[in-house]
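J.: Have a look at the structure that comes next, please.
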Amino acid sequence: MTTIHATCVDIDGLGVLLRGPSGSGKSDLALRLIDAGAQLVSDDYTVLEVRGDRLIGTAPQSIKGMLEVRGVGILPMPVKARSVIAMVADLVTDGEIERLPDPDAAVIDGVVVPRIQVAPFEISAAAKVRLAAKKHAPRDTGT
């Protein structure tokens, strides 16, 4: 198992890792995704376990069920216990994103996962993550 600095949400059975440094917008984007129907798996740190050719994301026990909402505090939040990671969204500034990027992937613990870049504070960021997750959905997401 590996613990990484990333927030994880589950969008219709698809795990999405939101990666970026502290203050980059991981929790803010997760909150908007949750507001649109996603489920929180973990905020800020995610435990990853390799099972076959898939990564399974869970929350560290110490922060399970908690979401940091900047300006409000750390709040309890319903969580999904685990999610099969279908995609990585690396958080960047909008000037860093290519208009029509080539397909990209992240390799985590030897598992290749589709990867996109997203500017988390754009109004359309949550919609872009949802669309990309569906685009990259594996055929079998059972845990």
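J.: So how many residues does the range 97-107 have that are surrounded by 11 or more Cβ atoms within 10 Å (Cβ to Cβ) and among the charged types (D, E, K, R)? Even if it seems obvious, please write down each step before you answer.
T.: Taking the range 97-107 as the starting set, the residues that turn out to be surrounded by 11 or more Cβ atoms within 10 Å (Cβ to Cβ) are 97, 104-106.
Okay, now just the ones that are also among the charged types (D, E, K, R), so 104.
Final tally of qualifying residues: 1.
J.: Separate question: If we keep just the residues of the range 50-86 that are surrounded by 14 or more Cβ atoms within 10 Å (Cβ to Cβ) and charged (D, E, K, R), which is farthest from residue 113 (Cα to Cα)?
T.: 68
J.: Another question, then. Is it true that residue 14 is modelled with pLDDT of 95 or more and either surrounded by 18 or more Cβ atoms within 10 Å (Cβ to Cβ) or under 20 Å from residue 108 (Cα atoms) (or both)? Spell out the reasoning first.
T.: On the way: modelled with pLDDT of 95 or more: yes; either surrounded by 18 or more Cβ atoms within 10 Å (Cβ to Cβ) or under 20 Å from residue 108 (Cα atoms) (or both): yes.
Yes: the conditions hold for residue 14.
J.: A further question on this structure: For the range 108-139, which positions are exposed (fewer than 10 other Cβ atoms within 10 Å of the Cβ) and β-branched (Val, Ile, Thr)? Explain how you work it out, then say what you get.
T.: Of the residues in the range 108-139, the ones exposed (fewer than 10 other Cβ atoms within 10 Å of the Cβ) are 110, 123, 139.
Residue satisfying the conditions is 123 alone.
J.: Specify which of the listed residues (33, 29, 100, 55) is touching a Pro at 6+ places or on another chain (Cβ under 8 Å) and either in a strand (DSSP E or B) or closer than 18 Å to residue 127 by Cβ (or both). Outline the logic, then answer.
T.: On the way: 33 fails: touching a Pro at 6+ places or on another chain (Cβ under 8 Å); 100 fails: touching a Pro at 6+ places or on another chain (Cβ under 8 Å); 55 fails: touching a Pro at 6+ places or on another chain (Cβ under 8 Å).
Just one listed residue meets the conditions, 29.
The values are calculated or read from the model by the stated rules, or taken from the named source; none is laboratory data. Predicted model only: the values in this text are computed from it and were never measured. Glycine gets a Cβ as well: all are built from the backbone with ideal geometry, and neighbour counts include every protein chain shown.
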